[in-house]
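Let me begin by presenting the structure, written as structure tokens, before commenting on it.
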Amino acid sequence: MENCCCSSSCCGAALVCPVCNNLGQSVPFETVKSMVRGNTPAEGEFGVCLTADCDVVYFSSNAIFHQADVAVPIAWKKGASPKYVCYCNQVTEEEIVRAVVENKAKTVGDVAKATGAMKNGKCLINNPKGTCCHKDIENVIQQALESR
Ligand SMILES: [Zn+2]
């Protein structure tokens with residue numbers, strides 16, 4: 001891609017889920033290695049599928065890992081239970097909603113204090129997206145505030 005601003009990993013066909021054909025998100029190999037149970041996958045460029053009703057979690061040009069291959073429930077997939085938002089401290093969507101409704105938490109900081117989320121985060125190996133849960137917590141707070 002000529003106008004691409006990034007290095008090799010974030011663009012191109014490799015990030016389209018081969019099963020649902022939706023655009024996924026780039027995920028560090030470290031994350032895939034720590035999440036997939038059993039044999040260590042071959043190193044490569046991996047994407048994560050964000051589609052709720054697609055069973056694929058990670059994919060690369062020569063490998064696909066489904067929910068059953070992954071050690072933790074994938075919160076954004078249909079039927080996931082429990083729905084972890086902060087994987088490092090195993091804080092669920094339900095606990096965050098409760099912090100907003102019962103403890104009047106309004107910010108990520110409030111939620112962190114009430115639930116213990118984001119403490120000693122090791123998102124690279126604990127969060128299936130390989131990224132910090134900060135944004136996901138914000139989204140849950142937003143939804144909880146709107147429905148209050
Ligand atoms: Zn998919």
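For this structure, a couple of remarks:
- Within the range 35-60, the set of residues being more than 15 Å from the ligand (Cβ to nearest atom) and at pLDDT below 95 comprises ARG37, GLY38, ASN39, THR40, PRO41, ALA42, GLU43, GLY44, GLU45.
- Qualifying residue in the range 64-85 (condition: at pLDDT 95 or above, of a type in the set (Asp, Glu) and more than 12 Å from the chain's Cα centre (by Cα)): yes
- Listed by position, the strands (runs of 3 or more DSSP E) enclosed by the range 49-127 that each have at least 1 residues that are free of Cβ contacts under 8 Å to residues at least 60 places away in the same chain and farther than 23 Å from GLU146 by Cα are 56-59, 64-66.
- Filtering the range 1-34 to residues that are of a type in the set (D, E, K, R) and at pLDDT 90 or above leaves GLU30, LYS33.
- Exactly one residue among VAL91, VAL97, VAL48 is β-branched (Val, Ile, Thr) and assigned by TED's automatic domain parsing to the domain that holds MET35, and that residue is VAL48.
The values are calculated or read from the model by the stated rules, or taken from the named source; none is laboratory data. In this text, all values refer to a predicted model and were calculated from it rather than measured experimentally. Cβ atoms come from the backbone with ideal geometry, glycine included; neighbour counts cover every protein chain shown.
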